[in-house]
Amino acid sequence: MKVIDPHIHMSARTTDDYEAMAAAGVVAVIEPAFWLGQPRTNIGSYIDYFSSLIGWERFRAAQFGIRHYCTIGLNSKEANNEALAEQVMDILPRFATKEGVVAIGEIGYDEQSAAEDKYFRAQLDLARELDMLVMIHTPHRDKKKVTSRSMDVCLEHGLTPEKVIVDHNNEETVKETLDRGFWAAFTIYPKTKMGNERMVEVVRQYGSDRIIVDSSADWGVSDPLAVPKVANLMVERGIDPADIHKTCYQNAIAAYGQSGQFNEEDWLNPLPIDQRVLFEDNSVLRGQVARVDEMMADGTKG
Ligand SMILES: [Zn+2]
């Protein structure tokens, strides 16, 4: 079964994760720009981070047979450093319009400070100006209220619901998110919050329209195999295969494909893997035998 993980922070993960994900059927990932666990102190850190999302990390994923896309944005936590946030706003258009960037994100509220509100709104305006999709991060605290407010603010800034993917939904927020016409993404956490079993029940109750499953795996305790595991659990629990296909694969294409940057052909006709290839003089190899796929006459994988 092919699956997509449309929210995962691969920069924080290992090559073992990439290998396990590819083996489990993950064909494409979206890596949202977010914070690093500690605050950045200058704009150069942001420039290098965004550059790595569209450069090295995309290359690294491809070397393990996974197509990598990203979103670009100023996360809510670091919006609270206003001096830095202003500088980040200046460089966002340059990176947001690069190839393989599928949305502005992940943006939204953390503690709902005035600065978070200011830069959330500024980035929604930017998304509208650039005609881009938006990926919304919703916080754990005050989940229901903040999710609702985030959608209000998107509409205030002229975004249409079909261009906005609201992430980290749960049983309390899903109905409103769907009723208002937004995409409802769910992050599967290994121990707390939304788990595999609960996700199966959400799909049983709400069906599969506009529902998207992701892992949000990052540098914390998280599971990069969350999407294939949920898909397999849904099979075991007798969920309709069409609903599994939509929530774990097709809806991500329907949502992020609107960007024109996220195309199924990219991974259905993959370039052959050649781990001898270098990216700015660097490769993923550390002395082991390089994986080199055979190439067909048309340049695709043998
Ligand atoms: Zn995230």
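The values are calculated or read from the model by the stated rules, or taken from the named source; none is laboratory data. Computed from a prediction, not measured in an experiment: that's the story for all the values here. With ideal geometry, Cβ positions are generated from the backbone for all residues, glycine too; neighbour counts draw on all protein chains shown. These accessible areas exclude ligands, DNA and RNA; they are computed on the full protein's heavy atoms, side chains included. Shrake-Rupley method; radii C 1.70, N 1.55, O 1.52, S 1.80 Å.
Which value, in Å³ per residue, describes the convex hull spanned by the Cα atoms of region 1-77?
Measuring per residue, one finds 83 Å³ for the Cα hull of region 1-77.
Only alpha carbons enter this Debye calculation for the chain, each as an equal point scatterer, and the log10 of I(q)/I(0) it gives at q = 0.10, 0.15, 0.16 Å⁻¹ is -0.52, -1.18, -1.34.
Its alpha carbons considered, region 191-302 gives a radius of gyration followed by a Dmax of 18.2, 51 Å.
Given +1 on the Cβ of Lys and Arg, -1 on the Cβ of Asp and Glu, and no further charges, what dipole in debye does the chain carry about its Cα centre, rounded to the nearest 20?
420
Restricting to Cα atoms and excluding each atom paired with itself, what does the Kirkwood estimate give for region 161-209 in Å? This gives a value of 11.0 Å.
Translational diffusion of region 50-179 was estimated from the Stokes-Einstein equation, with Rh taken as the Kirkwood radius over Cα pairs; at 20 °C and 1.002 mPa s the coefficient is 141 µm²/s. Once both labels are positioned 7 Å from their Cα atoms along Cα-to-Cβ, the gap between GLN205 and GLU111 label points is 3.2 nm.
Across the options GLN123, PRO6, THR173, the greatest Cα extent toward the positive end of the charge dipole of the chain (unit charges at beta carbon of Lys, Arg, Asp, Glu) belongs to THR173.
Once you list every other residue whose beta carbon is under 13 Å from the beta carbon of ARG237, what net charge do they have if Lys and Arg are +1 and Asp and Glu are -1? Once positives and negatives cancel, what remains is -2. Peptide packing for 95-101, 81-87 was compared via the average number of neighbouring C-beta atoms within 10 Å per residue; ordered from the highest value, the list is 95-101, 81-87.
Checking every one of the trypsin sites (Lys or Arg not before Pro) in region 205-302 against DSSP loop status and a limit of 16 other Cβ atoms within 10 Å picks out ARG237, ARG276, ARG286, ARG291. Across region 88-145, the fraction of Cα-Cα pairs farther apart than 13 Å, rounded to a whole number, is 61%. Around the Cα centre of region 188-283, unit charges on the Cβ atoms of Lys, Arg, Asp and Glu (plus for the first two, minus for the last two) sum to a dipole of about 480 debye. Over region 106-214, one equal point on each Cα, no solvent: what is log10 I(q)/I(0) by the Debye formula at q = 0.10, 0.13, 0.22 Å⁻¹? Summing over Cα pairs of region 106-214 leads to -0.27, -0.45, -1.18. Protein heavy-atom accessible surface, 1.4 Å probe, per residue over region 141-227: 42 Å². Residue ranges 3-11, 262-270, 175-183, 103-111 sort as 3-11, 103-111, 175-183, 262-270 when ordered by packing (mean number of other C-beta atoms within 10 Å per residue, highest first).
Once you reduce region 59-75 and region 197-274 to the center of their Cα atoms, the two points are 16 Å from each other.
GNM, the chain, Cα, under 10 Å: largest mean-square fluctuation among ALA252, ALA231, ALA23? Looking only at ALA252, ALA231, ALA23, the biggest GNM fluctuation is shown by ALA23.
Of the peptides 47-58, 163-174, the order by per-residue mean of other Cβ atoms within 10 Å, starting with the highest, comes out as 163-174, 47-58.
Give me the percent of accessible area attributable to carbon and sulfur for region 173-293, probe 1.4 angstrom.
Reported share for carbon and sulfur atoms: 50 percent.
Computed over protein heavy atoms with a 1.4 Å probe, the carbon and sulfur contribution to the accessible area of region 1-136 reaches 48%. With a simple spin-label model that places each label point 7 Å from the Cα along the Cα-to-Cβ direction, the separation between ILE91 and TRP267 comes to 2.9 nm.
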